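The values are calculated or read from the model by the stated rules, or taken from the named source; none is laboratory data. This one's a predicted model, so the numbers in the text were calculated from it and none came from an experiment. Backbone-built Cβ (ideal geometry, glycine too); neighbour counts: all protein chains shown. Keep in mind that these areas ignore ligands, DNA and RNA; they rest on the heavy atoms of the full protein, side chains included. Shrake-Rupley method; radii C 1.70, N 1.55, O 1.52, S 1.80 Å.
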Amino acid sequence: MNFDDTPQEAAFRAEAKAWISANAPKQYEEELRKSSLGRTVLKDANILEVAKAWQKKKADAGWACLHWPKEYGGRGSSPIERVIWQQEEGPFGKLSGMFIIGHGMCGPTMMAFAGEEQKRKYLPPLASGEKVWCQLFSEPAGGSDVAGLRTRAEKKGDDWIINGQKIWTSGAHYSDYGILLTRTDPTVPKHKGLTMFFLDMKSPGVEVRPIKQASGQSDFNEVYFTDVKIPDSQRLGAVNDGWNVSLTTLMNERMSIGAGVSTGFPELFDFCNSLMLEDGPAIEDRSVRSRLANYAVKASGLRYTSMRAISALSKGERPGPENSIGKLVAGSMVQEVAMYALDLQGAAGVLSGPEDAEVAGKFQAMLLRAPGTRVEGGTDEIMRNIIAERVLGLPGDIRVDKDVPFNKIPTKGRA
Amino acid sequence: MNFDFSDEQKQMRDEARKFLAEKCPPKAVREVLDGKAPYDKALWRGLAEMGFLGVAIPEEFGGAGAGHLELCVIAEEMGRANAPVPFSSTVYLAAEALLLAGSDAQKQKWLPKIASGEAIGTLALFEGKGNPSPKAIRLQATGGTLNGVKKPVPDGAIADFAVVAACTGSTGRDSDISLFLVDLKAGGVEAKSLTNVDPTRGQAELTFKNARAEPLGAAGDGWSILTQVLDRAAVLLAFEQVGGSDRALEMGRDYALDRIAFGRPIGSFQAVKHILADMYVSATLARSNCYYGAWALSTNASELPEAAAAARISATQAFQHCSKNNIQVHGGMGFTWEFDCHMYYRRANASALTLGSLSYWEDQLIDRMRKKNAA
């Protein structure tokens, strides 16, 4: 057991460090360092442009999508090298937020199911951030129950015609491409009649409507499809085998989301360290220390759990369902942390304007964004089911629609 | 970076697990629980023969000279088996104090006896309620003799020797505390067994009346040595707690698979599944914190104080959480003497207090994080 770099790792770290130091957009470093969940914005710049420029610069120098093969725009790096890069990239890594879906989920799905020519055409611009991708899975009728989706794809000659609606699509408003899960046969049980495609988001008939969230921001969208044409060559996997294709995406989703969810702890610790209460510094208050210690061990537990996963990965073991704990623990923790930070501010905790609120309203923004973290990419309840069933081997939930043709499944409760 | 135990260390864990499954089944734990013996002597001898008692003791002092990572994997298995032997008091506390502060003669005298199972040791620190603090130590040391009362002392009634924290000044400061080594069989010390929530780990009151004592470490260094001993023991005990958490989780999982209610295994109900998923989460977070503690302990890293406190808190929480929810999953059966659930519940709640309470370690963790932050 050790934390020291091997000579190769040390050489890689030195190279990464030198390159980042010479090339990162340092003028944004402080702002990025201070940003936390619910608030990654740059005051005087368009964050999308800054992020794209940084990603392109990385790609040109061979530092983008480190774990991808070189021929698809990556570097062919080991899992450990990826971690070293993330450590060295520090706050600039926050700029990659808008590429997470593309790099973490769409890319791996394309790599597993697209043709060689397509991979060489679409993956390098995805890696370099020139093209942004989104993932079109969730629907009003199918959130946690992904396979309950209703968007139809019908074959017409060499094309498929898409009609329906998606929802909760992160970044659809600035995406160039998307992977799309559709229903191609409603007469068979729900998991058996799905097919996966990828499409150009600028195709005629695609309409993106941003959703205003509880936080007031708009990270998600509704996406409507009206007679959208997709060539059969853009199908991923076999017709009606979309469920299996989507499992590849969802497994990768858990890995990439789980690893990156903020716990809010470093922010809370700094806050308690500087906050003065009536009787003195907050951090010297007995009850504050107890709460902080509880959050501290959860945050460190998650950090070392992901280090164990990386060690396993680097020995060639596959990432397992145990990675679901990252999102489960961090998701509810960040919400509790935000509530607690407001509680410490007393009556003034209600104020959220950057001029009036403590630490420029950081925790108020976190409070309003946090509920989404517990839902996106699988709710807490779905994460617990995954752990119970796939790690502990408990029986699956009873599914009354399992063997029922999709078009015979009731669509309304309390009829 | 490699954040895992080596194949050899994992092999040692498997060996220990196999050995304990055979020599320490729940039936053996019950012999001690029911008061038929103060500890499992046959198991203690077996552990010595396997080399587990001296695994982290250098070869020159009769040990196996393996190291603390190896001791961590053994500790985990001791906790998983709920072993009714004075392992934690002898190996984590007494042996660690000797290794840290003992003279060559003291090490030569006691460490080989620990490794061979001939001597049981303990640390006499507490004097009634309260957490570790120099102010709470009143037992007086004068001219090589000790006078005062210590309680609770883990395994104090069966121990052959004790490391005793005593007061050699009058201001209540760290520098007023010194450590002493006392041969408990040499006279001057009276031991009385005390009833406690976990009878498989005895607790005692030791009364010192002009007991002969030799200094362990320099005069006035007692508090600094104690702090280090407690940090090291915290990591080791945390591994026991993680072993216990895992076992409690397994018991709950197995019962949930076997027990049918409303025509289904109860483990198919989401409410039950989610209890077990949360047990897994707490045990996993604790295990990861423990691994970091193990690394810090084995390398004597400057991060050890913080890592030890985090491992201690996380493992205490996990063991309490898993053992209480194991009973919940078992329903009424879990609350019976006949089922084994209460043995883990007892151990979890006793372990939570033996090195100072959870709130004490929470306080320690924040102090240590602040110091690091300020540095």
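Annotation: amide H-H contacts under 5 Å for A:L394 (H modelled 1.01 Å from N, sequence separation of 5 or more, or interchain): A:E389.
Using the Cβ-Cβ distance between A:E130 and A:V375 with R0 = 41 Å, the FRET efficiency computed as 1/(1 + (r/R0)^6) comes to roughly 0.85. Positive end of the dipole of the protein assembly as shown (Cβ unit charges, origin at the Cα centre): among B:V197, A:F197, A:V329, the Cα lying farthest that way belongs to A:F197.
Centre-to-centre, using Cα atoms only, the stretch B:63-78 and the stretch A:353-415 are separated by 42 Å.
When each full DSSP H helix of chain B is screened for a Cα extent of at least 30 Å along its own axis and an average Kyte-Doolittle hydropathy of at least -0.5, the helices passing are B:222-258, B:270-299, B:304-330. Among A:M333, A:M366, A:M276, the residue with the largest mean-square fluctuation in a Gaussian network model of chain A, with springs joining Cα atoms closer than 10 Å, is A:M276. Per-residue packing, averaged as other Cβ atoms within 10 Å, sorts the ranges B:71-83, B:252-264, B:92-104 into the order B:71-83, B:92-104, B:252-264, beginning with the highest.
Legend: residues in the stretch A:272-287 shielded by at least 50 square angstrom of accessible surface upon adding the remaining protein chains to the isolated chain (1.4 Å probe, heavy atoms) are A:R286.
Taking every protein chain into account, the accessible area of chain B amounts to 38 square angstrom per residue (probe 1.4 Å). Toward the positive end of the charge dipole of the stretch B:131-188, with +1 on the Cβ of Lys and Arg and -1 on the Cβ of Asp and Glu, the farthest Cα among B:V163, B:F180, B:A136 is that of B:A136. Between the helical axis of A:47-60 and the longest alpha-carbon principal axis of chain A there is an angle of about 80 degrees.
Think of each Lys and Arg Cβ as +1 and each Asp and Glu Cβ as -1; about the Cα centre, that makes the dipole of the stretch A:138-246 roughly 200 debye. Counting only alpha carbon atoms, the long axis of helix A:324-344 and the longest principal axis of chain A meet at about 40°. A simple charge model with +1 on the Cβ of Lys and Arg, -1 on the Cβ of Asp and Glu and nothing else charged puts the dipole of chain A at about 960 debye relative to its Cα centre. Shown here for the stretch A:225-331: GluC sites (Glu not before Pro) in loop regions (DSSP other than H, G, I, E, B) with at most 16 other Cβ atoms within 10 Å, namely A:E278, A:E317. Take every DSSP beta bridge whose two residues both sit in the stretch A:76-204, then give the antiparallel share in percent to the nearest 5. Antiparallel: roughly 70 percent of the beta bridges in the stretch A:76-204.
Interface area, chains B and A: about 4400 Å² of buried accessible surface, summed, with a 1.4 Å probe and ligands, DNA and RNA left out. Rounded to the nearest 10 degrees, the inclination of helix A:265-274 to the longest alpha-carbon principal axis of chain A is 20 degrees. If you run the Gaussian network model on chain A, springs between alpha carbon atoms under 10 Å, then out of A:P204, A:P108, A:P125 the most flexible one is A:P204. For the stretch B:1-112, the dipole from Cβ point charges (+1 on Lys and Arg, -1 on Asp and Glu) about the Cα centre works out to 520 debye, to the nearest 20. DSSP beta bridges fully contained in the protein assembly as shown are about 85 percent antiparallel. Measure out, as a whole number of angstrom, how far apart the alpha-carbon centroids of the stretch B:219-277 and the stretch B:278-325 sit. Measuring centre to centre over Cα atoms gives 11 Å. With Cα atoms defining each centre, the stretch B:350-364 and the stretch A:268-313 are spaced 17 Å apart in the structure. With a Förster radius of 41 Å, plug the Cβ-Cβ distance of B:I260 and B:N349 into 1/(1 + (r/R0)^6) and report the FRET value to the nearest 0.05. Efficiency computed from Cβ-Cβ geometry: 0.85. In the stretch A:358-393, the residues whose accessible area drops by at least 10 square angstrom when the other protein chains are added to the isolated chain are A:E381, A:R384, A:N385, A:I387, A:A388, A:V391, A:L392, A:G393; the probe is 1.4 Å and only protein heavy atoms count. Which FRET efficiency value, to the nearest 0.05, do you get for A:E278 and B:Q270 by plugging their Cβ-Cβ distance into 1/(1 + (r/R0)^6) with R0 = 45 Å? It comes to 0.50. For the stretch A:323-415, the list of GluC sites (Glu not before Pro) that fall in a loop by DSSP and count at most 13 other C-beta atoms within 10 angstrom reads A:E355. Residues of the stretch A:359-385 falling in the label zone of A:R209, defined by backbone nitrogen less than 19 Å from a point 7 Å along Cα to beta-carbon, are absent. Helix content alone sets the calculated 222 nm mean residue ellipticity of chain A: runs of n ≥ 4 DSSP H residues at -39500 (n - 2.57) each, divided across all residues, give -13000 deg cm²/dmol. Once backbone amide H atoms are built at 1.01 Å from N, A:M201 has A:Y177, A:G178 as its partners under 5 Å, excluding neighbours fewer than 5 places away on the same chain. Within the accessible surface of the protein assembly as shown, defined with a 1.4 Å probe on protein heavy atoms only, the carbon and sulfur portion equals 51 percent. Available extension along the chain between A:A61 and A:I100 is 12.1 nm, counting 0.36 nm per residue and deducting the alpha carbon span. For the stretch B:87-229, averaging the sequence separation of C-alpha pairs within contact (under 8 Å, six or more residues apart) and dividing by the residue count gives a relative contact order of 26 percent.
For B:Q203, the amide hydrogen comes within under 5 Å of the amide hydrogens of B:D155, B:L194, counting only partners 5 or more places away or on other chains and with H modelled in the peptide plane.
Phi-derived couplings, Karplus 6.51 cos²θ - 1.76 cosθ + 1.60 at θ = phi - 60°, listed residue by residue for the stretch B:207-213: 10, 9, 10, 6, 6, 5, 9 Hz, with x used for Gly and Pro.
Which parts of the stretch B:250-278, residue by residue, lose 30 Å² or more of accessible area when the rest of the protein chains are there, as against the chain isolated (1.4 Å probe)? For the stretch B:250-278, once contacts with the other chains are taken into account, B:R253, B:L257, B:R264, B:S268, B:Q270, B:K273, B:H274, B:A277, B:D278 lose 30 Å² or more. Toward the positive end of the charge dipole of the protein assembly as shown, with +1 on the Cβ of Lys and Arg and -1 on the Cβ of Asp and Glu, the farthest Cα among A:N407, B:V229, A:N273 is that of A:N407. Net charge of the neighbourhood of A:Y72, taken over other residues with C-beta under 11 Å away and scored Lys/Arg +1, Asp/Glu -1, is +3. Qualifying GluC sites (Glu not before Pro) in the stretch A:62-120, where qualification requires a DSSP coil assignment and no more than 13 other C-beta atoms within 10 Å, are lacking entirely.
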